[in-house]
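Notes for the one structure printed next.
The values are calculated or read from the model by the stated rules, or taken from the named source; none is laboratory data. Bear in mind the structure is a predicted one, so any value in this text is a computation, not a measurement. Note that we place each Cβ from the backbone using ideal geometry, even for glycine, and neighbour counts take in every protein chain shown. Note: accessible area is taken over every heavy atom of the protein model, side chains too, but ligands, DNA and RNA are not part of it. Shrake-Rupley method; radii C 1.70, N 1.55, O 1.52, S 1.80 Å.
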Amino acid sequence: MTRLHKYMAAAALLAVMPLCAMAQTNGSNSPYSRYGMGLLSDGGNAFNKGMSGTAYGMRYGSELNTKNPASYAAIDSLSMLFDFGVSLQNGNFSQQGVKTNAKNTSVDYITAGMRMAPRLGLSLGLVPFSTIGYESAYTQNISGSNLTQREQTTTYTGDGGLHEVYVGIGWAPIKPLSVGFNAGYLWGDLTHTSVMTPSEGYVNHQEYDADIRTYKVDFGLQYEQRINKKNTLTLGLVYGLGHDINRTANYYNLYLQSSTSSTVVSGDTLSCKNAFQLPHSVGVGLTWTYKNSLRVGADYTFQKWSNAKYPSVVRNAEGNLAYEAKTGQFSDLHKVSLGVEYIPNDNGLRWRQHVRYRAGVAFSTPYVKVDGQDGPKDFMASLGVALPIVNRYNNRTFINFSAQYEQVTPKIAGMVKERYLRLSIGLTFNERWFMKWKAE
């Protein structure tokens with residue numbers, strides 16, 4: 001395949017990415033997606049879903065690691081890589097003895113990678129950043145006119161999320177060191193609605209919405225140190241650039257005649273310019289590789305959400321409602337993950353010797369606050385297996401299966417506790433498109 005054909009293949013992939021984003025099914029029913037940017041994606045690919053997202057120090061020529069763009073420098077020179085993944089999950093939600101279940105599916109990512117020149121790799125793809133999706137309602141007694149009691153039903157709904165399309169480069173200026181970056185375009189809608197419907201009187205309809213459009217840049221570094229013939233250590237570092245998002249958020253506080261009427265009795269429409277901010281983020285990971293058969297990695301991630309702006313409804317000095325961007329509404333996020341992968345014999349002749357077995361655990365603190373208190377903590381455990389699809393030329397294309405158990409535990413008693421069982425299926429397509437055949 002010529003270099004022109006390489007570029008044509010990359011362009012075709014970029015053309016279908018927006019269609020994949022529009023076809024995506026919302027993967028959330030969590031009430032905690034009501035806060036901030038929603039539920040944040042772990043950024044995992046097919047190979048590390050079974051390792052709870054561990055990736056910063058991972059580099060292998062036949063897989064894509066979008067969490068550290070420096071790894072693109074290791075892409076095999078003969079291969080064209082495609083990676084595609086979907087997830088199916090069952091969520092269990094419990095609060096004060098009441099339990100309910102919800103099922104979701106989602107398209108997780110679509111990515112591609114190729115070697116452009118010696119020690120220079122390219123990747124491009126579509127990956128999720130955050131997800132919003134929830135609906136809940138409760139009824140309470142409130143005081144009406146003449147201090148009479150009446151019922152009021154409040155319904156909360158939310159929808160949306162952010163997606164990123166990126167292009168990344170990884171380059172190894174010297175053999176043990178590689179550097180890289182992902183330059184992305186981040187976009188999506190955030191919509192939150194609450195409707196308070198009393199048994200008598202006007203209906204209060206509140207809505208918060210924003211249309212996000214901005215850039216996103218992440219830098220990566222990997223340093224590989226061979227200890228001896230059997231053991232190698234790889235250090236990985238990543239940095240995500242934080243910056244202002246110059247977009248407007250809107251707040252609508254309307255009183256309607258009834259739940260079936262669109263007639264506005266009174267209300268406010270407020271706007272907040274330059275309302276959002278992406279946080280600075282840092283990640284560090286260390287991976288030990290033994291004989292190309294065993295990989296053990298540990299990652300730590302820090303995201304500086306406490307300094308990130310987000311719009312909030314406040315009362316100004318005149319006592320009127322205002323919609324302003326404020327910091328201090330979030331907490332800094334800390335995440336630790338540990339992952340392991342075992343391959344019986346990567347050079348073996350039997351199919352079972354190429355099956356890859358994976359496991360991992362991860363723990364993270366929340367970035368959102370609920371009623372001024374830190375949100376729920378998150379624990380995940382995962383198992384995975386990669387089954388090779390064998391053809392006459394190679395067996396480097398895999399179907400990846402991973403099962404994840406995730407538990408979301410709130411800090412405040414009486415709030416919703418969440419448990420998830422999630423099955424992720426990914427196809428890592430790795431074919432030798434660029435191999436040159438000799439005729440004798």
**Request:** Identify, by number, the condition in (1) surrounded by fewer than 22 Cβ atoms within 10 Å (Cβ to Cβ); (2) in contact with a helix residue (DSSP H, G or I) (Cβ under 9 Å, 6 or more places away or on another chain) that G97 doesn't meet.
**Result:** (2)
**Request:** Filter the range 269-292 down to the residues that are polar (S, T, N, Q) and within 20 Å of Q222 (Cα to Cα), then identify the one that is least open to solvent (accessible area, probe 1.4 Å).
**Result:** T287
**Prompt:** Identify, please: which residue in the range 69-79 is in contact with a Lys or Arg (Cβ under 8 Å, 6 or more places away or on another chain) and crowded, with 19+ Cβ neighbours inside 10 Å and is, among those, modelled with the lowest pLDDT?
**Reply:** S79
**Asked** Only one of (1) over 28 Å from the mean Cα position of the chain (by Cα); (2) more than 30 Å from S306 (Cα to Cα); (3) open to solvent by 60 Å² or more (accessible area, probe 1.4 Å) fails for Q353. Which number is that?
**Response** (3)
**Asked** Of all residues in the range 215-265 being of a type in the set (K, R) and within 16 Å of L278 (Cβ to Cβ), which is most open to solvent (accessible area, probe 1.4 Å)?
**Response** R247
**Request:** From (1) part of a strand (DSSP E or B); (2) closer than 30 Å to L221 by Cβ; (3) of a type in the set (A, V, I, L, M), pick out the condition that doesn't hold for L78.
**Result:** (1)
**Message:** From the list S337, S382, exactly one residue is in contact with an Asp or Glu (Cβ under 8 Å, 6 or more places away or on another chain) and in a strand (DSSP E or B). Which is it?
**Reply:** S337
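Out of the residues in the range 100-116 meeting the condition of being aliphatic (A, V, I, L, M) and modelled with pLDDT under 90, tell me which one is most open to solvent (accessible area, probe 1.4 Å).
Checked the range 100-116; the qualifying residue most open to solvent (accessible area, probe 1.4 Å) is V107.
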**Asked** Is there any pair linking a residue in the range 82-97 that is closer than 18 Å to S136 by Cβ to one that is among the β-branched types (V, I, T) and assigned to a strand (DSSP E or B), with Cβ under 9 Å and at least six apart or on different chains, and which?
**Response** G91/T100; N92/T100; F93/T100; S94/T100
**Request:** Could you tell me whether I389 is open to solvent by 50 Å² or more (accessible area, probe 1.4 Å), among the β-branched types (V, I, T) and under 25 Å from P31 (Cβ atoms)?
**Result:** no
**Item:** Scan of the range 293-302 for residues that are in contact with a Lys or Arg (Cβ under 9 Å, 6 or more places away or on another chain), open to solvent by 40 Å² or more (accessible area, probe 1.4 Å) and not hydroxyl-bearing (S, T, Y), ordered by number
**Value:** F302
**Request:** Please specify each residue of the range 80-103 satisfying the condition of being in contact with a Lys or Arg (Cβ under 9 Å, 6 or more places away or on another chain) and within 20 Å of Y32 (Cβ to Cβ).
**Result:** S87, Q89, N90, G91, N92, F93, S94, Q95
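Collect the residues in the range 400-424 that are open to solvent by less than 60 Å² (accessible area, probe 1.4 Å) and either outside any strand (DSSP E or B) or more than 20 Å from S337 (Cβ to Cβ) (or both), keeping them in residue-number order.
P410, I412, G414, M415, V416, K417
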**Message:** For the range 128-140, check the following and say yes or no: at least one residue is over 26 Å from K216 (Cα atoms), open to solvent by less than 40 Å² (accessible area, probe 1.4 Å) and without any contact (Cβ under 8 Å) to a residue 60 or more places away in the chain.
**Reply:** no
**Pairs where the first residue, in the range 300-313, is under 24 Å from T269 (Cα atoms) and free of Cβ contacts under 8 Å to residues at least 24 places away in the same chain and the second is open to solvent by 40 Å² or more (accessible area, probe 1.4 Å) and outside any loop (DSSP other than H, G, I, E, B), C-beta under 6 Å, 6+ apart** = S312/K326
**Request:** Name the residue, out of G319, G372, that is open to solvent by less than 50 Å² (accessible area, probe 1.4 Å) and either under 21 Å from the mean Cα position of the chain (by Cα) or of a type outside the set (S, T, N, Q) (or both).
**Result:** G319
